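> Just passing along the structure, written as structure tokens.
The values are calculated or read from the model by the stated rules, or taken from the named source; none is laboratory data. Keep in mind that what you see is a predicted model, and the values were worked out from it rather than measured. Virtual Cβ from ideal backbone geometry, glycine too; neighbours counted across all protein chains shown.
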Amino acid sequence: MAQPTATFLFLEPAPAGRAHALPMTSTRLLTVLTATLLVLAVVTGGDSQDRGWGDALTQLLAWPVLLLAVWRLASGPDPERPPSRLRSFALALAAAVPLALALQWLTGLSLAPWASERALWAVLPALAAFLAALALPPRELQRLAWLVVGLASASLVLGYLQLGAPQDSPLNPFPQWAPALNGLYANPNHQATSIAVALVLVLAWLLHDDGRERDGRWWATRVAVAGLGLFLLVGLPLTGSRGALLVALAGLLAVPLANGWLGRRWRRHRRLALVASVGGAVAAAVLLLAAHGWLKVDRQDESRSAVFAATASMAREASPGGIGVGGFVPWFEAHAPAALVQGEYFNHAHSEYPQWWLESGVAGLAWIAALVVLVMGSRPRPGRGLHPEWLHVGAWIGMVVVLAHSAVDYPLRTPALMTLTALLAGISVARALATATQPRVSTHAPVAAACPHPPRPIS
């Protein structure tokens, strides 16, 4: 008796060698939950301070995303996810963060146990987004990448609407701060970071060749995406974030290099590429000269440099164990030079790396070193006769942009950018694993086998 086909309506075709098939709804459900998690994190988590209900909802939603992603990753052998040292290393690095925070909180190693406990729950959305990216197929990851672009665009639109609005306007989600094109973020620097990431993703998509016929629909899509990129590019300098602008420009320059676009054009049109390179260098020099006054170090930057130096000095004194995650403010107020304490209030070191060192000690430095290894191991690599896909290039460079901006700011202290960056990291690792398993493609034409005695036609 034939098996009713209705039984298999909700089942994916089982890959060869797989013991069982996963429900099709698990992929869609994980995508929807991850997208909702990202939206909720961005809408409610644009501040580094505790938002109460917003953080609680995001952390609550992180649990089903986390559990579903773990279930899919541990569902059995899959030819698309073979055993890999990179995957094992990435999972171990991700698991180390909540384990270390739990250790600080439960053993009393932290000077501020309540802050370490809050940090433990705060990293759950980022951990869930990272694991979800590892568990989802490329089509779903592309949708999440475009969601990142859409959220950055919506935040920029909100920022334009905030201009000229009173401080207590309903358009300003952070009434304690005057609106300044902040959008969904309390700090305009973090608004600029999200725009920079979106710009990198847009440019990576524009430079890729999808192999489709270049008809009217193809050109219309390209023009629309290019217009969106121009909208983001115009809004980026209006945020006033010089650090984000510089790392964004570096990221945009890195996109054509990472996907091999510039190399291909150079080989095909050497003269045009040479003229474009010289023209780009001249334009960059002119822009730097024009922005010289804007890029000058002001009083705020000088104070940030002093905070950076003071934090590094305190981190050396607090080593090897550190003071515990979340203990920066009370420790800084007690040990910082009087000139800094009596001046502006600093709730962050305005640089992630010395603050990680201060709060986590030698273990934090080791984790940063391991993070660098993961970033380099997941980078897009041209070769095997294939060009890196736009998703891999955009996600990897977008992640690097956030990490680079973290040297002069604290974007990862916000739930929004922490979750977004974790998603990009997961996409980078996932696509690096997929690229490593692709068969080598020969760039040479096949050579026909020699036939010393060709058959004669039958007469």
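> Out of the residues in the stretch 52-67 meeting the condition of being more than 21 Å from L134 (Cα to Cα) and exposed (fewer than 15 other Cβ atoms within 10 Å of the Cβ), tell me which one is modelled with the lowest pLDDT.
Per the criteria, the residue is G52.
> Out of the stretch 205-236, which residues are more than 26 Å from Q162 (Cβ to Cβ), within 20 Å of the chain's Cα centre (by Cα) and of a type outside the set (A, V, I, L, M, F, W, C)?
H208, the sole residue that qualifies.
> So which residues in the stretch 397-429 are hydroxyl-bearing (S, T, Y) and in a helix (DSSP H, G or I), if there are any at all?
Listed by number, the residues that qualify are T419, T421, S428.
> May I pose another question? Evaluate the stretch 91-100: report whether one residue or more is assigned to a loop (DSSP other than H, G, I, E, B) and either closer than 30 Å to L358 by Cα or of a type in the set (D, E, K, R) (or both).
No.
> Report whether or not A220 is farther than 23 Å from G159 by Cβ, touching a helix residue (DSSP H, G or I) at 6+ places or on another chain (Cβ under 7 Å), surrounded by fewer than 19 Cβ atoms within 10 Å (Cβ to Cβ) and of a type in the set (G, A, S).
Here the answer is no, as A220 does not meet what is asked.
> Say whether the condition of being farther than 18 Å from L417 by Cβ and either in a loop (DSSP other than H, G, I, E, B) or modelled with pLDDT of 90 or more (or both) is met by at least one residue in the stretch 39-51.
Looking for residues that are farther than 18 Å from L417 by Cβ and either in a loop (DSSP other than H, G, I, E, B) or modelled with pLDDT of 90 or more (or both), one finds none in the stretch 39-51, hence no.
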